[in-house]
Structure formats: structure tokens, C-alpha cells
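Encoded as C-alpha cells, the structure appears first; notes follow it.
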Amino acid sequence: MPSSHVMNTYARLPVAFTHGQGTCLFDEAGKRYLDALAGIAVSTLGHNHPRLVEAISRQAGRVLHTSNLYRIPLQEELAARLANLSGMDEVFFCNSGLEANEAAIKLARFYGHKKKGVELPSIIVMEQAFHGRSLATLSATANRKAQAGFEPLVPGFVRVPYGDMDAVRQIASRSRDVVAVMLEVLQGEGGVNVVSDEYLRALRALCDEQGWLLMVDEVQCGTGRTGKWFGWKHADVRPDVMTLAKGLASGVPIGACLTSGRAAGLFQPGNHGCTFGGNPLACAAALATLDVIAEEGLMDNATRVGEAIRAGFRKALEGVAGVVDIRGRGLMIGIELDRPCGELVTRALDAGLLINVTSDNVVRLLPALIFSDSDAKTLVEGLAPLIREFLS
């Protein structure tokens, strides 16, 4: 039975999982579920991957935590690895995407206060964005349902339509206080919305022209999920600030805020911190995750299997009234319907499939990067009939 002492902050489904293997989870009754959610893009390597288990076990037998008052060699190794993969300069480690985005927002304000003529450093953010639930990241988020009851929100954010370059240019022409643009390359909570590569390149050019920071939230779409290490690599546009979390350590909590160019070297001792950030256990898990992604070709797998899933749903749902769009990149997939479809989560659970619905009417699929052709076939053959039945 659910505990009455756990704060009621989630509408939890009536299932508890005891163990997992590969792309599947098993509940207390031994029922098997195909996991097409991966803990909301967290379990990059699926469940019980031997390389990850070995890395965590080995590190647990050495030291879990020492604090950032001292050097942490594994943290230094992970920072160097991420810098090499991204071409960025510095990394701040924390525990979550929210904390990574909070660090990015603080960086932008710190940067802005050093610029002449800036009174209230402001950040351009996007409609449908989701950056977290702290007061600052909630203010950057565009979800009124999540914001309701927590006013007053933090000032200093200017919102524009996602993908609308003209709206950004209009703000540039009239505001002296803007110091940064913050966006997700591929929005997750907002409905699996993909921004064009051309838009990203135009943003990069405008930020350079205006002296703004380009800050990219890769918390959900980063770490190989779109078929490249980071979503911005599809456009070959390196940001000044990038945030990572979720799948970086395949389930061990970790977040990272990376900087380059004009954003590098801003923070000094005392400007920011995190008690648990980048501890040895989390860094060991992250290094193992990056190793496996590279050595097992999981980014190519994400590209190929993700396209197979989208193609499979397009074929299975062709001509079905109520299907608006099937979109995404790599293993980040959205099926937009013309009506709220939250009940599909429970119907899929009963059928042994773990999925999610976001933005009320978008079925969101975020499988582990180890998802196979067979898993893709099972997912399409199991979920497409449920969608057709629901829409009928």
C-alpha cells in the first residue's frame, strides 16, 4: 500500500517495480513491462547494464562522497571528457537539471551585471519551455499550471514564441537589458517540439551580434538521445552555456552546467556551489555511461531505431482521424493527438507498456538508447491499437 507519509506531489500510477533488465521492468507480481519512458529520459543504458553496475559497485566500495572542499579526480576526468565532446571550456557539477539551469540563470545575471548599460539583466525564454520547478527556473518555464500558486515569480524573463526569430529580433531592437537567450533544442515537457537548425544558427549569429549568451538546455535531449552527443550538434552551433542532467549517469543523480567563450571564467570561489555536485559515485556512473554510449554505438542506434519507431507509427496510424503529428529526433518521440489523452498512460500500463503524456495531448516516448528493432516493433504493435481505439 502507498505510504501516507510521502508528500502528495505526484499522481502516481498503481504499480511498483522490483527490478529491471535491459529495456524491461518487472512489478511486484512479476508482470513484465516494455519501458519506453526510461525514467523520463534518465535510464540511458536501460536497466541493470553490466558496465554501469560494475562501475557503481566498484566506486561504492571505495568512496561515495568527499565534498567539493577537496579535489575529486573522477570529477576532473568527467569534466575533461565533457569538454572534449562539446568543445566547451568549464563544467560546474550539481544534482539535477533544475540545478544546472539555475546555475545558467545565475551566470547570465552575473554576466549582465558586468555589462555597461544593463539595469535588470533579462533572459529571452520560449513558449512551451520547461526548465525546472525552483522559483527561478519555474519563472523561465512556460507552464502556467506549474506556476499557479507560487507567485510572485522571479522577474527578468522575456518570453517569445518557440522558433520565431522575428520575435527575438524585435526584442533586440528595443531592449538594452537582455543578456541571454535560453532554450531547449528539442522541447520535452512542452510537447516534443523540434526547432530548426536554421533557427539555431540565426540565434547564434544574433547573440554574437548583441553580445548575448546563447544558453541551451540539453537536460532531456542531451547525452546522445537525439543521435548526437548534444542536440545543438545537428546545427553545428556551439552555445555559450549548456546544461545537462537526466541521462548523463543513467539513473544516478547528476547535473552539469558547461560554459565556453564569454561565459567561461565568470564564476569564482564563493559565487556558486553544490554540496553533492560531482561526487565520486555520480561521476563514476557518468563516465561509464559515456563509455558505453561511444563503444556500443548507441547514438547511431538512437538515430536508426528512433526513425523506425516514427515510421512504424506513421504507417500504423495513417489516415486515423485525430492524429495531428508524429515527430521527434532520435529516441525522443512525440505523437500529437487532437484531444487530451492522459488516459492512454493507464491503458498502456495495463498492456505492459510504459509511456507518458505531456502537454495534455502528446504521447511522449523516451526509450533507453539500447532500444532494439524488436523493442521498436513491440512498442508500435502494442501502442498503435490503443491510440486507434482511444480516438475511435
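The values are calculated or read from the model by the stated rules, or taken from the named source; none is laboratory data. Bear in mind the structure is a predicted one, so any value in this text is a computation, not a measurement. Using ideal geometry, Cβ is built from the backbone for each residue, glycine included, and neighbour counts are taken over all protein chains shown. All accessible areas refer to the heavy atoms of the entire protein, side chains included, with ligands and DNA or RNA removed. Shrake-Rupley method; radii C 1.70, N 1.55, O 1.52, S 1.80 Å.
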Check your understanding: What is the number of the single condition among (1) aliphatic (A, V, I, L, M); (2) within 25 Å of residue 361 (Cβ to Cβ); (3) open to solvent by less than 10 Å² (accessible area, probe 1.4 Å); (4) over 23 Å from the mean Cα position of the chain (by Cα) that residue 183 does not meet?
Key -> (4)
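Here is a yes/no grid of residues against (1) under 19 Å from the mean Cα position of the chain (by Cα); (2) closer than 27 Å to residue 50 by Cα; (3) polar (S, T, N, Q):
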site: 277; (1), (2), (3): yes, yes, no
site: 283; (1), (2), (3): yes, yes, no
site: 293; (1), (2), (3): yes, yes, no
site: 303; (1), (2), (3): yes, yes, yes
site: 312; (1), (2), (3): no, no, no
site: 321; (1), (2), (3): no, no, no
site: 327; (1), (2), (3): yes, no, no
site: 354; (1), (2), (3): yes, yes, no
Review point. What are the residue pairs meeting all of these: first residue in the stretch 8-24, first residue under 15 Å from residue 356 (Cα atoms), second residue surrounded by fewer than 10 Cβ atoms within 10 Å (Cβ to Cβ), Cβ atoms under 9 Å, and 6 or more apart or on different chains?
Key: 12/2; 12/6; 14/2; 15/28
Practice item. Working only within the stretch 321-353, note down all residues that are among the hydrophobic types (A, V, I, L, M, F, W, C), out of contact with any Asp or Glu (no Cβ under 6 Å at 6 or more places or on another chain) and assigned to a strand (DSSP E or B). Key: 323, 326, 332, 333, 335, 337, 353
Exercise for review: Quick one: residue 117 ticks every box in (1) touching a residue at least 24 places away in the same chain (Cβ under 8 Å); (2) open to solvent by 40 Å² or more (accessible area, probe 1.4 Å); (3) more than 26 Å from residue 272 (Cα to Cα); (4) of a type in the set (Gly, Ala, Ser) except a single one, so which number is it?
Suggested key: (3)
Check your understanding: Which strands (runs of 3 or more DSSP E) sit wholly inside the stretch 1-93 and have at least 3 residues that are in contact with a Phe, Trp or Tyr (Cβ under 7 Å, 6 or more places away or on another chain) and surrounded by 10 or more Cβ atoms within 10 Å (Cβ to Cβ)?
Key -> 17-21, 24-27
Practice item. Scan the stretch 319-356 for residues that are open to solvent by 30 Å² or more (accessible area, probe 1.4 Å) and hydrophobic (A, V, I, L, M, F, W, C) and jot them down. Key: 320, 321, 323, 324, 351
Study note, to complete from the structure: Among the residues of the stretch 268-289, the number that are touching a Cys at 6+ places or on another chain (Cβ under 7 Å) and either in a helix (DSSP H, G or I) or surrounded by 21 or more Cβ atoms within 10 Å (Cβ to Cβ) (or both) is 1
Review point. Could you count how many residues in the stretch 273-320 are over 13 Å from residue 370 (Cα atoms) and in contact with a strand residue (DSSP E or B) (Cβ under 7 Å, 6 or more places away or on another chain)?
Key: 8
Review point. Which number in (1) without any contact (Cβ under 8 Å) to a residue 60 or more places away in the chain; (2) buried (at least 24 other Cβ atoms within 10 Å of the Cβ); (3) on the phi > 0 side of the Ramachandran plot marks the one condition that residue 224 misses?
Key: (1)
